[in-house]
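Q: Okay, here's the structure, questions in a sec.
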Number of protein chains: 2
Amino acid sequence: MYPASVFITGANRGIGLGLVREFLKDLNAITDNRLKIVKIDIECDQSIKDAYVQVEKVVGDSGLNLLLNNAGVLPPYFTKGEISRETMMKCLNVNIVGTAIISQTFLPLLKKAAAHGSGDHWGADRAAIVNISSFWASISGNEDGSGVLGSLAYKISKSGVNQLGKTMSIDLADDKILVAQFCPGWVQTEMGNMGGRTAAITVEESASALVDSISKLQKQHNGGYYDRHLKVIPY
Amino acid sequence: MYPASVFITGANRGIGLGLVREFLKDLNAITDNRLKIVKIDIECDQSIKDAYVQVEKVVGDSGLNLLLNNAGVLPPYFTKGEISRETMMKCLNVNIVGTAIISQTFLPLLKKAAAHGSGDHWGADRAAIVNISSFWASISGNEDGSGVLGSLAYKISKSGVNQLGKTMSIDLADDKILVAQFCPGWVQTEMGNMGGRTAAITVEESASALVDSISKLQKQHNGGYYDRHLKVIPY
């Protein structure tokens, strides 16, 4: 089932924008009244609080059904490259801590939506946090180390996002707020095409599969880590 | 085989001190000339560089066989508790980024030791980085969420350490520097006894098993995540 309200971070381009287009299938103008643009800087707590106030005005007593944490960065970082605490901290701050704090800040709106649901129904149409993770979050699947792009900091951050989501999924189970993590695939975005490569799939292919899988989320998926087709990825 | 030189972080108390006692079995005085005390603040790059210079003076051309990253913090953090970017960042800075930067900074000494080894022998007696992780790093094994102690930030940080170690293990394989992660068990330290509980095992029991397992590390263990008895823990 599709959620009635969705808040997507990092929606100005790439996969985030693709998800907006997929949720609002016949979107043809930025003035479409189903679409509300909210400015947010996930490195700034006050900005997150301000965004909360704006979203609350839009969704009102219905609450927010789906928080879709998509914003992220991939700063090159190699084991044998330049040592930079600042670069690594920036990556962890945006990808993990930003995601944690947005999720915590938006809990009251998610709880409100969850309370409108009935019985033991779980899903993105009731209340859910979906984190855009990465195949690179998989520790067991890590076979190329820092790789050609310098994915050390990014891989650490996305493994951290998986543990964040798993932990929150347990903490929020009583509220029937579902939490799940997805790898969007290797997508033709600015990030996906880094290093002069061409990624495997289009933004539309990724977003279409993701939205389809998100709409299928049930209680059994709580805390899980999936590819865009809802197939389990080993941690 | 036991390493000829070991640098242990966070060795002033708890498991770190236990590991020092275990490596130097008949240690009875801080003036024992096999023991060198090095001051280090793993949140400070300059302090890490200074420590490197001191360790280099001690080990000389032999290089450093084993870097044992043990220092860590467990600040309480709950999904439904106070939102604090500072607390979460501090935990990730010490546990993940400090571990990454020490490991990178000490690479020249580890490479030197590795170069003295011969053929395809891998082990802590040649060159290794061992990271003290936690059972709480296991994402698949996470069944209690933030738990009674507020382990959200800590769990994220230790999952990140596992991915850091796995990534480095691949990046450093050509140099025959082994990287492995260990859960020390639930140990009677200040951290282990938090919340007024008494942990399951003594520091001596943990350190004894860890040192035994570290001495058994071989090529096949590179990148792995183990309990103190060298049994694989699922990520």
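Values quoted throughout were computed directly from the atomic coordinates according to the rules given, and no laboratory measurement underlies them. All values derive from a computational prediction rather than experimental measurement. We place every Cβ from the backbone using ideal geometry, glycine too, and count neighbours over all the protein chains shown.
Q: Placing the label point 7 Å from Cα along the Cα-to-Cβ direction, what are the distances from residue B:30 to the equivalent spots in the other copies, shortest first, in nm to one decimal?
A: Distances between equivalent label points, in nm: 6.4.
Q: At residue A:220, label 7 Å along Cα→Cβ: distances to the other copies, nm, ascending?
A: 3.6
Q: Taking amide H positions as placed 1.01 Å from N in the peptide plane, with prolines and chain starts having none, which residues 5 or more places from residue A:178, or on another chain, fall under 5 Å of its amide H?
A: Hits under the 5 Å cutoff: A:123, A:127, A:128, A:129.
Q: What residues have an amide H closer than 5 Å to that of residue B:27, excluding those fewer than 5 places away on the same chain, when H is modeled at 1.01 Å from N in the peptide plane?
A: When sequence neighbours closer than 5 places are left aside, there are no close amide H contacts.
Q: What residue among B:17, B:67, B:149 has the largest mean-square fluctuation in a Gaussian network model of chain B, using Cα springs under 10 Å?
A: Highest fluctuation among the options: B:149.
Q: Extending each Cα 7 Å along its Cβ direction at residue B:200 and residue B:50, get the distance between those two points in nm, one decimal.
A: About 4.0 nm separates the two model spin labels.
Q: If you don't mind, there's one more thing I want to ask. Show the residues, 5+ positions off or on another chain, whose built amide H is closer than 5 Å to the amide H of residue B:7.
A: When sequence neighbours closer than 5 places are left aside, the close amide H contacts are B:66, B:67, B:68.
Q: Still on this structure, please answer the following. Let me make sure I get this right: for the protein assembly as shown, a, b and c are the square roots of the gyration tensor eigenvalues over alpha carbons, sorted descending. Under 1.5 in a/c it's rounded, otherwise prolate if a/b > b/c, else oblate. Which is it?
A: Prolate, since a/c reaches 1.5 and a/b exceeds b/c.
Q: What residue among B:196, B:60, B:141 has the largest mean-square fluctuation in a Gaussian network model of chain B, using Cα springs under 10 Å?
A: Ranking B:196, B:60, B:141 by mean-square fluctuation puts B:196 first.
Q: Along its principal axes, what span do the Cα atoms of chain A show, with the longest given first and each in whole Å?
A: Taking the Cα atoms of chain A, the three principal extents are 52, 39, 35 Å.
Q: Next up: Let me know the charge dipole size of the protein assembly as shown about its Cα centre in debye, to the nearest 20, where only the beta-carbon of Lys, Arg (+1) and Asp, Glu (-1) is charged.
A: 100 debye
Q: Å³ per residue of the Cα convex hull, for the stretch A:102-235?
A: 107 Å³
Q: A further question on this structure: Starting from the 7 Å offset along Cα-to-Cβ, what nm value, one decimal, do you get for the label separation of residue B:24 and residue A:86?
A: 3.9 nm
Q: Given R₀ = 51 Å, what would the calculated FRET efficiency be for residue B:13 paired with residue A:58, taking r from the Cβ atoms and rounding to 0.05?
A: That gives a FRET efficiency of 0.50.
Q: Residue B:39: which aspartates and glutamates have alpha carbons under 19 Å from its alpha carbon, excluding same-chain residues fewer than 8 sequence positions away?
A: Within the straight-line limit of under 19 Å, residue B:39 reaches these aspartates and glutamates: B:50, B:56.
Q: In nm to one decimal, list the spacings between the residue B:193 label point and its equivalents in the other copies, with label points set 7 Å along Cα to Cβ, shortest first.
A: Ordered by distance, the counterparts are at 6.0 nm.
Q: If the chain between residue A:115 and residue A:218 were fully stretched, how many nm would it gain, using 0.36 nm times the residue separation less the Cα-Cα distance?
A: Fully extending the segment from residue A:115 to residue A:218 adds 35.4 nm.
Q: Express as a percent, rounded to the nearest 5, the fraction of DSSP beta bridges in the protein assembly as shown (both residues included) that run antiparallel.
A: 5 percent
Q: Dipole size in debye (nearest 20) for chain B around its Cα centre, Lys and Arg Cβ +1, Asp and Glu Cβ -1?
A: 60 debye
Q: Another one. Within 10 Å of each Cβ of B:145-155, how many other protein chain Cβ atoms are there on average?
A: Counting other chains' Cβ atoms within 10 Å and averaging over B:145-155 gives 3.
Q: Could I ask something else about it? Once you have the Cα-Cα distance between residue A:227 and residue A:37, take 0.36 nm times their residue separation minus that, and quote the gain in nm to one decimal.
A: Stretched out fully, the residue A:227 to residue A:37 stretch lengthens by 65.6 nm.
Q: Kyte-Doolittle mean at least -1.0 and Cα extent at least 20 Å along the axis: which DSSP H helices of chain A qualify?
A: A:45-59, A:152-171
Q: Here's a follow-up. With θ set to phi - 60° and the Karplus curve 6.51 cos²θ - 1.76 cosθ + 1.60, what are the ³J(HN,Hα) couplings of the stretch B:216-225 in order, to the nearest whole Hz, using x for Gly and Pro?
A: My calculation for the stretch B:216-225 gives 9, 4, 10, 3, 4, 8, 4, x, x, 10 Hz in order.
Q: Here is a follow-up. Helix-only estimate, please: 222 nm mean residue ellipticity of chain A, summing -39500 (n - 2.57) across DSSP H runs of length 4 or more and dividing by its residues, to the nearest 500.
A: The per-residue figure over chain A is -11000 deg cm²/dmol.
Q: Further question on the same structure: Which listed residue (A:150, A:124, A:79) has the Cα farthest towards the positive end of the charge dipole for the protein assembly as shown, taking +1 on Lys and Arg C-beta and -1 on Asp and Glu C-beta about the Cα centre?
A: A:124
Q: Nothing charged except the Cβ atoms of Lys and Arg (+1) and of Asp and Glu (-1): what's the magnitude of the dipole of the stretch B:115-171 about its Cα centre? Round to the nearest 20 debye.
A: That gives a dipole near 120 debye.
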